[in-house]
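One structure is given here, and the rest of the page talks about it.
The values are calculated or read from the model by the stated rules, or taken from the named source; none is laboratory data. All values reported here derive from a predicted model rather than from experimental measurement. For neighbour counting, all protein chains shown are included, and Cβ atoms are generated from backbone atoms with ideal geometry for every residue, glycine included. Note: accessible area is taken over every heavy atom of the protein model, side chains too, but ligands, DNA and RNA are not part of it. Shrake-Rupley method; radii C 1.70, N 1.55, O 1.52, S 1.80 Å.
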Amino acid sequence: MKAHRALLALAISTGLLSLAACGPANRTGDGTTGGGTENESADAFVARANETLKKMTPEFSSAAWLGATYINDDSQRVEAAANERWLTQLNAFIEQAKRYDGNGLSPETARSLLLIKTGASMPAPRDPARLNELSNLASELGGMYGAGKWCPPGKSGDDCMDIGEISEVLAATESSSYDEMRAAWEGWHTISIPMREKYQRFVELTNEGAREMGFANTGEVWRAGYDMPAEDFQAEADRLWGQVQPLYEQLQCYTRGKLEEKYGERGSVDGMIPAHLTGNLWQQDWSNLWPLLQPYEGVGSLDITGALQRQRDGILNELAARAGGFMRLTPAQQVELERKADIEMATRMTRLAESFYTGLGMPQLPESFWEKSMLVQPRDRDVVCHASAWPMDTVGEDVRIKMCIKPNEEELTTIYHELGHIYYYLAYHGQTPLFQNGAHDGFHEAIGDTIVLSMTPEYLASIGLVDKPAVSQEAVINSQMRMALSKVAFLPFGLMIDRWRWGVFDGSISPDRYNAAWWELKAKYQGVAPVEARGEDFFDAGAKYHVPGNTPYTRYFLSHVLQFQFYKALCDAAGHQGPLYTCNFADNAEAGRRYWAMMQRGASQPWQQTLKELTGGEQMDASAVLEYFAPLQEWLVQQNQGRTCGWAAAEAPAAAAPADAVDADAADADADAAPADAAPADDEADA
Ligand code: X8Z
Ligand code: ZN
């Protein structure tokens with residue numbers, strides 16, 4: 001597995017040639033970078049680019065799919081070659097697009113040219129040798145992540161643990177011990193140590209490509225994809241973060257307090273949450289802390305994981321009964337039966353997600369989706385388990401997801417997320433290939449998550465995953481907490497990853513401070529910390545998929561704001577009355593019609609226009625997040641009374657670095673983002 005990483009890198013950018021969501025890129029690249037002449041009209045150039053995309057996409061996607069689902073030297077070679085062709089072709093298009101800076105173009109042509117010029121998330125140098133080096137590096141980094149394993153002391157071979165097994169140790173926050181979780185967390189972070197030098201070179205090479213394209217660095221290319229001046233984008237993200245920060249700080253404070261109750265002084269580090277205790281390798285989703293954080297035990301059980309596991313066991317029992325009883329089978333036959341049950345369960349969970357979309361009036365997934373998707377982890381080879389959704393062509397016929405589904409709540413919601421990407425592909429396939437993308441990348445990430453917001457206790461009961469929901473204030477708080485542990489906990493994480501990368505790309509974070517800066521940002525935004533200092537021997541950023549995979553990450557932060565705006569708009573369309581958090585728009589045709597109409601626009605117009613058509617407003621705005629979580633925020637403030645909230649996030653001075661916005665802003669934000677220890681909870685609560 002190598003090459004596909006580079007594809008992904010491109011892929012996941014906004015616009016052009018990028019595969020909108022965690023899949024391979026929309027790609028050009030027919031091996032012929034030529035074509036067109038100085039006299040070629042802008043319209044003709046755009047038509048040629050679209051034609052090339054259409055022609056090359058299936059072959060290119062297949063190479064990337066093989067690279068991700070069948071990791072070996074051969075698939076890697078095929079994929080790497082395809083990737084190199086693609087990067088070369090993309091550079092040629094970018095160069096050719098510069099011929100048409102003038103006026104007098106149709107809006108479609110002008111927008112197509114803009115998307116070509118700003119659409120690369122992995123800008124490649126023109127020099128063929130360095131371009132080759134870059135695509136190999138990208139592939140290698142991706143491969144190292146995908147095949148990453150940790151061998152606990154004294155173990156080797158099959159006893160080494162992959163990301164799924166390590167995650168299970170962390171997720172079992174009730175049954176794993178403090179030390180087991182710490183060992184697993186530290187173990188996973190060994191996989192990225194050898195990535196450090198490669199990543200440093202990767203940064204140099206993409207920066208060279210970015211400069212040749214007329215940008216200051218790769219981070220600036222990324223920030224240029226939002227239909228606003230790149231220099232305004234950071235402030236826009238800061239503005240949104242400022243809206244939700246007080247809510248996050250209350251959740252952080254409450255969680256830290258509970259961890260301290262459970263683990264004593266080992267439950268916090270200078271007011272911050274120990275990195276190995278959130279039930280998640282990156283502290284981005286705290287759902288696995290539910291047993292500890294559940295506000296009212298036994299009120300309206302929301303144990304979805306338990307329900308899914310029981311369903312899976314039910315399938316196994318049924319299969320076993322049909323085979324004459326489990327005990328009558330040989331061990332090998334028992335393993336096969338378990339496997340069958342896993343596959344059947346993964347398919348059922350995916351069908352469940354599909355039924356939400358069809359209930360809104362959207363089409364059924366094509367038969368080929370079921371034939372060609374990878375729903376469970378194969379037993380005979382390495383694959384990239386990180387979930388992704390793939391448009392394999394530009395005509396909307398071959399769409400797939402790639403996941404290693406297990407019967408738990410997080411995986412279930414991830415399926416709804418991935419199908420959001422898939423339905424977006426299906427909705428906009430009538431657009432030209434260049435416009436086959438999200439309005440911006442945060443839109444792509446928000447489609448499925450909006451549906452997840454509609455998974456209220458009522459909805460979960462309607463699909464048989466929980467009992468008839470309790471109706472009480474306690475039940476409301478329980479249900480809000482469940483949502484907050486994934487949605488609110490995520491917000492600062494969604495922001496900090498690219499704060500780190502923007503700094504790396506612009507040089508304000510120099511290679512000798514990669515790890516120090518990573519943990520400073522984790523501390524500042526998330527209020528989490530490792531229990532023991534992590535020196536520069538480590539490269540902890542590389543232990544998160546999107547860094548070696550070069551997937552821009554601010555998209556997820558934006559999505560976590562936008563999805564509440566979409567949700568509110570769809571609830572209005574469905575005629576919902578009452579508090580926002582009670583809205584379930586399942587089976588509402590009008591909500592579905594409006595959603596689909598928005599999705600059909602793809603990237604054909606500035607996102608502000610698309611947002612306006614759905615919500616009536618042209619700005620991203622987190623007030624719907626606050627409206628949604630108002631009851632929980634009030635409850636958290638009460639719970640935190642008497643606790644000393646806030647944390648001290650020391651920021652070591654940056655190494656000698658080119659002065660740049662990132663550092664300055666980081667320092668600014670620090671003042672308000674990480675209140676010093678003494679800030680009492682209720683002082684911050686109403687901010
Ligand atoms: O990477 C993903 C998706 C594919 S686009 C599974 N997500 C981010 C992550 O896992 O870090 C979804 C939420 C954030
Ligand atoms: Zn996604």
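Taking 7 Å along the Cα-to-C-beta vector as the label spot, tell me the Asn72-Ile193 distance in nanometres, rounded to one decimal.
3.0 nm
First select every other residue whose beta carbon is under 9 angstrom from the beta carbon of Pro530; then total the charges, Lys and Arg +1, Asp and Glu -1. Don't skip to the end; give the middle numbers.
On the way: positive: Lys522, Arg534; negative: Glu186, Glu532, Asp540.
That works out to -1.
Relative to the present Cα-Cα distance, how much length would full extension add between Lys612 and Glu108 at 0.36 nm per residue of separation? If you can, show how the numbers build up before the last one.
Working: separation 504, 0.36 × 504 = 181.44 nm, distance 1.91 nm.
Using 0.36 nm per residue and subtracting the Cα-Cα distance, I get 179.5 nm.
Work out from phi, with θ = phi - 60° and the Karplus expression 6.51 cos²θ - 1.76 cosθ + 1.60, the ³J(HN,Hα) of each residue of the stretch 200-211, listed in order in whole Hz, and give x for Gly and Pro.
4, 5, 4, 5, 4, 5, 5, 4, 4, x, 4, 4
Nearest 0.05, what FRET efficiency do Arg48 and Glu397 give at R0 = 25 Å with Cβ-Cβ as r?
Details: r = 23 Å, r/R0 = 0.92.
Here the calculated transfer efficiency is 0.65.
So between Glu236 and Ser355, what do we pick up on full extension, going 0.36 nm a residue minus the alpha carbon distance?
Full extension of this stretch gives 39.3 nm more.
Quick one: Karplus J couplings for the stretch 410-415, per residue in order, coefficients 6.51, -1.76, 1.60, θ = phi - 60°, nearest Hz, x for Gly and Pro?
Karplus values, whole Hz, x for Gly and Pro: 4, 5, 4, 5, 5, 5.
Return one whole number: the accessible area per residue of the chain in Å², for a 1.4 Å probe. The partial results should precede the final answer.
Values: 24600 Å² over 687 residues.
On a per-residue basis, 36 Å².
Taking only C-alpha pairs under 8 Å that are 6+ residues apart, what is the relative contact order of the chain in percent? Walk me through the intermediate numbers first.
Values: 1242 pairs, mean separation 127.9, N = 687.
Across the chain, relative contact order equals 19 percent.
Testing the spin-label approximation: label points 7 Å from Cα along Cα→Cβ at Ser41 and Asp270. State their distance in nm.
6.4 nm
Take Ala533 and Asp127, extend 7 Å from each Cα along the Cα→Cβ direction, and tell me the distance between the two endpoints in nm.
Distance between the two pseudo-spin positions: 3.8 nm.
I need the phi-derived Karplus couplings for the stretch 168-174: 6.51 cos²θ - 1.76 cosθ + 1.60, θ = phi - 60°, integer Hz, Gly and Pro marked x.
In residue order, the calculated couplings are 5, 4, 5, 5, 7, 5, 8 Hz.
How much length is gained on full extension from Ala470 to Ser175, taking 0.36 nm per residue of separation minus their Cα-Cα distance?
Values: separation 295, 0.36 × 295 = 106.20 nm, distance 2.79 nm.
Gain on stretching Ala470 to Ser175: 103.4 nm.
How would the chain be classified by its alpha-carbon gyration tensor: rounded, prolate or oblate, with rounded meaning a/c under 1.5 and the a/b versus b/c comparison settling the rest? Don't skip to the answer; put the middle values down first.
On the way: a/c = 1.31, a/b = 1.21, b/c = 1.09.
The shape class here is rounded.
Net charge around Asn588, counting only other residues with Cβ within less than 15 Å of its Cβ (Lys, Arg = +1; Asp, Glu = -1)?
On the way: positive: Lys568, Arg593, Arg594; negative: Glu458, Asp572, Asp587, Glu590.
Summing Lys and Arg as +1 and Asp and Glu as -1 gives -1.
Where both residues lie in the chain, what percent of DSSP beta bridges are antiparallel, nearest 5? Please list the in-between numbers first.
Numbers: 7 of 10 bridges.
Counting DSSP beta bridges with both partners in the chain, the antiparallel share is about 70 percent.
Count the net charge of all other residues whose Cβ sits under 12 Å from the Cβ of Asn515, scoring Lys and Arg as +1 and Asp and Glu as -1.
Working: positive: Arg196, Arg513, Lys522, Arg534; negative: Asp512, Glu520, Glu536, Asp537, Asp540.
Summing Lys and Arg as +1 and Asp and Glu as -1 gives -1.
Helix-only mean residue ellipticity at 222 nm, the chain, DSSP H runs n ≥ 4 weighted -39,500 (n - 2.57), per residue, nearest 500. What is it?
Values: 26 runs with 385 residues, N = 687.
Computed ellipticity for the chain at 222 nm equals -18500 deg cm²/dmol.
Out of the total accessible area of the chain (probe 1.4 Å, heavy atoms of protein only), what percent is carbon and sulfur?
49 percent
Using alpha carbon centroids, what distance separates the stretch 475-521 and the stretch 204-266, in Å?
One Cα centre to the other: 6 Å.
Express in whole angstrom the spacing between the alpha-carbon centres of the stretch 541-607 and the stretch 69-147.
Between the Cα centre of the stretch 541-607 and that of the stretch 69-147, the gap is 28 Å.
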